[in-house]
Amino acid sequence: MTNESTFDQSIEPVEVESHESFEREEVLEPLSLSMDGFEQTELAIANNLNNLKQKVEAVLYLKGQPMNLTAIAEALGCEIEDAELGLIDLITEYAHRDSALEIVETDTGFSLRLRSEFADLVHKLIPVDLGRGALRTLAAIALKKNIVQSELIELRGAGAYQHVQELVEQGFVRKKRQAEGRSSVLHVTTKFHQYFEIDDLTKLI
């Protein structure tokens, strides 16, 4: 009799969470973490594209002349596909931006230029008075990309000395002394591309 009474009093009910509750916790927590990781990945991609777009814009601005995708990728040290993504993003932004600048595609590449409606303002702020001889010398320098002054003189004659001096003063040509030799290397400047904005350099002649 004593044993039966003791046994009955020792048993107490115990609440146990259902198996369904455990399963719900196990599923929801990883799902929440997964969504957070997905959002962070999207944010990282967006930041990377924005940074790439800004770098493409900087390269086009600093070069001041048309550049193809290969040249842009080399300047940035990235793959051509990445350079193309940044360029497309930049073109899209400029298309919706109320800006005096625009991205223009030419036969030789892409360039960052002043919109055509502001051309009169450029000529007003940067007045230039060049004779036909100086313009032909300028075209010869631009067509050759980099030309030694002595070679230019052979091509254009002794009068090119005066033309080069005038073009350097106007800021359209830059001279760089060769490491070896007495002559200088001539090349057009960013101002040249910004002012004339032409694809066919023979139009200068």
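The values are calculated or read from the model by the stated rules, or taken from the named source; none is laboratory data. Quick caveat, the model's predicted, so the values are computed rather than measured. Positions of Cβ are generated from backbone atoms using ideal geometry, with glycine treated the same way; all protein chains shown enter the neighbour counts. For the accessible areas, the whole protein counts, side chains as well, though only heavy atoms, and no ligand, DNA or RNA atoms are used. Shrake-Rupley method; radii C 1.70, N 1.55, O 1.52, S 1.80 Å.
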Heavy atoms of ARG97: accessible area, 1.4 Å probe, square angstrom to 10: 80 Å²
Charge tally in the Cβ shell below 14 Å around ALA160, where Lys, Arg are +1 and Asp, Glu are -1, ALA160 excluded: +2
Prolate/oblate/rounded call for the stretch 75-177, Cα gyration tensor, a/c under 1.5 rounded: oblate
